[in-house]
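Step one of this worksheet: look at the structure below.
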Amino acid sequence: MGLLAVFRSMLLDTVQRAAMVLVGYLMALGLMAAGVGFITLAAYRALLHGVGDVAAALIIGAGYVVASLIAMLALQLSRR
């Protein structure tokens, strides 16, 4: 019975670790999607209205993209 308990514990640890990695990637993906949305909206408005208040949306969008890339890098480094 002891071997089965060890195997079950190892399996649960593996599943928990995989779930945490998945949650991390989903959060990074959400940040990336928000950044791409801001950049797309900003580029569209820039083409329509010229340069103006669009710079704020571009800066916010770029910040989201950079934050998501940093999050992905941290996830990759934590797995090693």
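Overview of results
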item	result
Out of 34, 46, sole residue that is at pLDDT 85 or above, out of contact with any Leu (no Cβ under 6 Å at 6 or more places or on another chain), among the aliphatic types (A, V, I, L, M) and surrounded by 10 or more Cβ atoms within 10 Å (Cβ to Cβ)	34
First in the stretch 1-22 and without any contact (Cβ under 8 Å) to a residue 40 or more places away in the chain and under 18 Å from residue 79 (Cβ atoms), second anywhere and part of a helix (DSSP H, G or I) and not hydroxyl-bearing (Ser, Thr, Tyr), Cβ under 6 Å, 6 or more apart	none
Of all residues in the stretch 49-80 being of a type outside the set (A, V, I, L, M) and in a helix (DSSP H, G or I), the one that is modelled with the lowest pLDDT	49
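The values are calculated or read from the model by the stated rules, or taken from the named source; none is laboratory data. Quick caveat: nothing in here was measured; it's all calculated off a predicted structure. As a convention, Cβ positions derive from the backbone with ideal geometry for all residues, glycine included, and neighbour counts pool all protein chains shown.
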